[in-house]
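Take a look at the structure set out below.
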Amino acid sequence: MASGSGDDDVQVRNKQVILKDYVSGFPKESDFYINTNGTIKLKVPEGSIGIVVKNLYLSCDPYMSNRMKKAAAGSYIESFKPGSPISGYGVAKVLDSTHPDFKKGDLFWGRTGWEEYSLLTDLVLLNKVLHTDVPPTYYMGILGMPGLTAYAGFYEVCSPMKGEYVFISAASGAVGQIVGQFAKLLGCYVVGSAGSKEKVDLLKNKFGFNEAFNYKEEPDLDAALKRYFPEGIDIYFDNVGGKMLDAVLLNMRVHGRIAVCGMISQYNLHNPEGVHNLMHLISKRIHMEGFLVFDYYHLYPKFVEQVLSYIAEGKIVYVEDIVEGLENCPAALIGLFTGRNVGKQIVLVARE
């Protein structure tokens, strides 16, 4: 296996986003710092199997909040290591490779470091970018982890049928905007909640939701849901948990399904809120299931084929919020938890 580069001893500066220490409660920009003194050789070390990459785009995702904390027993994902660069999904270009599946010049999406360049030796969940007729950023959103999350959660967990009543929380986010469009394409009645007038307008006018509301303007979430779903909810795609989940339980129909994708309202609380209306799971025979996208990676080829055709036919649109510069990564990530982003939050690190 020949290495893809002859620049044996090229060592370059490598700007990095470092987590200072484990975080408890709400994360802040000051929990990170930018290290400008790092260096890296642009060649895979002799005897190692791996790739050296230049990171082009990085993805900000809500689950990363849990990785900033010291891992609790039973956590499904490892914590970031204080004093080291954090990691997440991104799109990167291969500069050097000793792995047969990757060659110099390849673009891929998957887990990489929050830094300008990364040496990656765990390549299990890295996927080559095979379709270059769509923006590469789509592989961190609609064609990447959030897209597959929406696809698996809606079609596999919710078992939807035409004409059903579908509610989605955090509906303008990376996952929610796709779920709503899948539901509309299936012929469902779709309502979403979001946290600003701009996002509500986006849901109705760009993504084609039947209705949408700003949860911050609703003093009584139960009343709001009854207004939009006088006959009740068949499917709830839950991204927020907490008070919204509690109100939804009051409004579910018999044999309704709830896909628990995330609980962003709870991630940064010292004492997570309780859910009080669980009795409705029994009386209405509701199926409520949590899921992780990792369990559905086998569906990726089928998912990509379907979504690429939707994109080509103009049946699905996708909104991204792109910030430029690695030094702006902490602010972009923290902004997720105050709803500052509109659409999928991405950081542009380099343009090739």
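The values are calculated or read from the model by the stated rules, or taken from the named source; none is laboratory data. Treat the numbers as computed from the prediction; the structure is a model and nothing was measured. Note that each Cβ is placed from the backbone with ideal geometry, even for glycine, and that neighbours are counted across all protein chains shown. What goes into the accessible areas is simple: the full protein's heavy atoms, side chains included, and nothing from ligands, DNA or RNA. Shrake-Rupley method; radii C 1.70, N 1.55, O 1.52, S 1.80 Å.
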query: How large is ³J(HN,Hα) for each residue in region 36-49, as worked out from phi by the Karplus curve 6.51 cos²θ - 1.76 cosθ + 1.60 (θ = phi - 60°), to whole Hz, x for Gly and Pro?
result: 9, 9, x, 9, 8, 8, 7, 8, 5, x, 3, x, 9, 9
message: So if the hydrodynamic radius of region 160-212 is defined as the Kirkwood radius over C-alpha pairs, what does Stokes-Einstein give as its diffusion coefficient at 4 °C and 1.567 mPa s, in µm² per second?
response: 124
query: Can you list the residues, at least 5 places off or on another chain, whose amide H is less than 5 Å from the amide H of V319, using H built in the peptide plane?
result: K344
message: If you average the C-alpha positions of region 104-136 and of region 279-324 separately, how far apart do those two centres end up, in angstrom?
response: 21
task: For region 91-165, compute the number of Lys pairs whose alpha carbons are separated by less than 30 Å, excluding pairs fewer than 8 positions apart on the same chain.
output: 5
- line: Whole-Å distance linking the alpha carbon centroid of region 138-176 with that of region 10-46 is 32
- request: Decide, for region 1-156, between rounded, prolate and oblate: order the square roots of the alpha carbon gyration tensor eigenvalues as a ≥ b ≥ c, take rounded if a/c falls under 1.5, and otherwise choose prolate if a/b is larger than b/c, else oblate.
  value: oblate
In Hz, Karplus ³J(HN,Hα) per residue of region 139-147 (6.51, -1.76, 1.60; θ = phi - 60°; x = Gly, Pro): 6, 9, x, 5, 9, x, 4, x, x
message: If you scale each eigenvalue of the Cα gyration tensor by 5 and take the root, what three semi-axes come out for region 194-352, rounded to whole angstrom and sorted largest first?
response: 29, 21, 18
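Once R0 is set to 30 Å, what does the formula 1/(1 + (r/R0)^6) return for the Cβ-Cβ distance between K197 and L299, expressed as a FRET efficiency to the nearest 0.05?
After rounding to 0.05, the efficiency reads 0.25.
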message: Using only alpha-carbon positions, what ratio does the radius of gyration of region 119-242 give when scaled by 2.2 N^0.38 Å?
response: 1.17
field: Other-chain or far-sequence residues with amide H under 5 Å of A212's (modelled H)
entry: G192
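How high is the FRET efficiency from Y33 to L281, r the C-beta distance, R0 56 Å, rounded to 0.05? Write out the running numbers ahead of the final one.
On the way: r = 45 Å, r/R0 = 0.80.
Efficiency, from the Cβ-Cβ distance: 0.80.
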- prompt: Taking the Cα atoms only, what angle lies between the long axis of helix 300-312 and the longest principal axis of the chain, rounded to 10 degrees?
  reply: 80
task: Quick one: accessible surface of F337, probe radius 1.4 Å, all protein chains present, in square angstrom to the nearest 10.
output: 30
statement: A correct Karplus calculation of ³J(HN,Hα) over region 181-198, with 6.51 cos²θ - 1.76 cosθ + 1.60, θ = phi - 60°, whole Hz and x for Gly and Pro, returns 6, 4, 5, 5, 4, 7, x, 8, 8, 10, 10, x, 10, 8, x, 7, 4, 4
query: Amide H to amide H under 5 Å from E116: which residues, 5+ apart in sequence or cross-chain, H placed 1.01 Å off N in plane?
result: K15
- line: Taking r as the C-beta separation of K216 and A312 and R0 as 41 Å, the FRET efficiency to the nearest 0.05 is 0.65
- line: Under Stokes-Einstein, the chain at 25 °C and 0.890 mPa s, with its Kirkwood radius over C-alpha pairs, diffuses with a coefficient in µm²/s of 116
